[in-house]
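Okay, structure first, notes after.
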Amino acid sequence: MFRAALGYLSGAMHLSNEFLLQCAKRYGTPIYVYNGDLILQRYRELFEFIPWPKLRVLYAMKANYNPAILTLLGEQGAGIDAVSPAEIVLALKCGYQENQILFTANNLTAREMHVAHALGVLFNIDTLSTIDRFGRIFPGSDLCLRFNPNVVAGDNAKVQTAGEASKFGILLSELSTVKNLVKTHDLRIVGLHIHTGSGIKNPRKSLKAMQNLLEIATPENFPDLQFIDFGGGLAVPYHPEEERIDYASFGKNIAALFGTFCENYGRELGLYLEPGKYIVAESGYLLMEVTSLKNNQERRFANTDSGFPHLIRPVLYDAYHHIVNLSNPHGSLRTYDICGNICESGDCFASGRSMPKIREEDILAVQNAGAYCYSMGGLYNLRAMPAEILTLNGKERMVRRSSSEEELVESILAECL
Ligand code: LLP
């Protein structure tokens, strides 16, 4: 173990280039490195920003389900937003209690319903027929309902989860049908939920979505509410020149809005948030080695030992991830396509990117690789997923190892009949 030098860049704690280079040297590439101290800072600061006594943060574990990260956040008192039975099982194994987990599945099967119910967690259901099915199987249960707040927001169309074009949530106009179903099956609605989108850069849209939900959250409609869950979607900068959203003032606005709501409702309710990106995105780096350089007529390629199975966001969403040449940070600038080792031309982390001169065997760090990178990974082209390193109090440890080629093939053969 060696000490991780922490630097402060644009107000956030970043792992230093030297430390990341040491990690690459010691553990090999490709590899993910996560800054646990920054994860803790991001989690804790939400409680400073949002002055509400009954604030709960349910970490959206789909962003990064490494057990060491789950445990770290669990020790801080975080809850969990789970979206599949396996996520629930993993959270329970990492020390979370049933009542700390909210289960928000999309397109839940009857089998999943039984499995999750046996695990003892609260369901958050977003479809009329699923409420009906749930009510028939488990009448008299507590339940949370996910509404569509009718606001379109989020980083790109693929991650906008509300508005008319979205498959998610119960329409606000379907309220009376919901109330009938609730009555028919004697359900007790203890929570209301929205999740508007991911990477919402305009906090006013988030506030509007909250307002829309709160309008139907009256004691007449839902007399048994214990909490309102406003979902995730808090954006963080991905580009070095992107400004940080002022979450301190956003948090005050949320608390004021919620305070007025609770006065009218007649009780102080819990205010839940479900951030994923906000907590882990900036903590992560994907380190890769440049395996070859190639100049074709039009383009200069820097090819690496990673690929889109390790970080799919640029390919899937055209997402910008900042990339640093750790080995030559002050080299003269040139323009590169930074590509992976997958047999598809689209396998690029960045195209036409101005970077300090890249040489073969240089180590590159893709930033903001803490959220939706490992967790959206896969084995395409049959290379194992990289190992993961977590730093805490400035010290690093490997929290998940990679597999050898033999182990990878054995695990495939073991599943094949
Ligand atoms: N709650 C629910 C019900 C969600 O579906 C999600 C994300 C979250 C919370 C957390 O959202 P966050 O705070 O992380 O934005 N793969 C995409 C993001 C997809 C988000 C899906 N749902 C990306 O890499 O941008």
Region 300-331 scanned against label point 7 Å out from Glu242 along Cα→C-beta; backbone N under 16 Å for 312-324
Taking R0 as 22 Å, what's the FRET efficiency between Ala165 and Gln211 from their Cβ-Cβ distance, rounded to 0.05?
0.60
Ile80's amide H: which non-local residues (gap 5+, or another chain) put their own amide H closer than 5 Å, with H modeled 1.01 Å from N in plane and none for Pro or chain starts?
Tyr59, Ile101, Leu102
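Between rounded, prolate and oblate, where does region 101-220 land on the alpha carbon gyration tensor, with a ≥ b ≥ c its root eigenvalues, rounded for a/c under 1.5, else prolate if a/b exceeds b/c?
Numbers: a/c = 2.13, a/b = 1.52, b/c = 1.40.
Prolate, because a/c is 1.5 or more and a/b exceeds b/c.
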Fewest Cβ neighbours within 10 Å first, please rank Val399, Val89 accordingly.
Val89, Val399
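If R0 is 30 Å, what FRET efficiency do you get for Asn107 and Glu48 from their C-beta distance, rounded to 0.05? Don't skip to the answer; put the middle values down first.
Details: r = 37 Å, r/R0 = 1.23.
Efficiency, rounded to the nearest 0.05: 0.20.
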If you fit an axis through the alpha-carbon atoms of helix 36-49 and take the longest principal axis of the Cα set of the chain, what angle between them do you get, 0 to 90°, nearest 10?
40
What's log10 of I(q)/I(0) for the chain at q = 0.07, 0.10, 0.11, 0.15 Å⁻¹, Debye sum over Cα points only, no solvent?
-0.36, -0.72, -0.86, -1.39
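What's the extension gain from Glu415 to Asn202 if we count 0.36 nm per residue and subtract their Cα-Cα distance? Write down the numbers at each step before the final one.
On the way: separation 213, 0.36 × 213 = 76.68 nm, distance 4.55 nm.
Length gained between Glu415 and Asn202: 72.1 nm.
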Length gained if Asp318 through Glu360 is fully extended, taking 0.36 nm per residue and subtracting the Cα-Cα distance, is 12.5 nm
DSSP-assigned coil residues among trypsin sites (Lys or Arg not before Pro) in region 197-283, each with at most 13 further Cβ atoms within 10 Å:
Arg244, Arg267
C-alpha long axis of helix 175-184 to longest principal axis of the chain, angle in °
70
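Throughout, read-outs are computed from the coordinates displayed, never taken from laboratory work. Remember, it's a predicted structure, so these values are computed and weren't measured experimentally. Neighbour counts run over all protein chains shown; Cβ positions are idealised from the backbone, glycine included.
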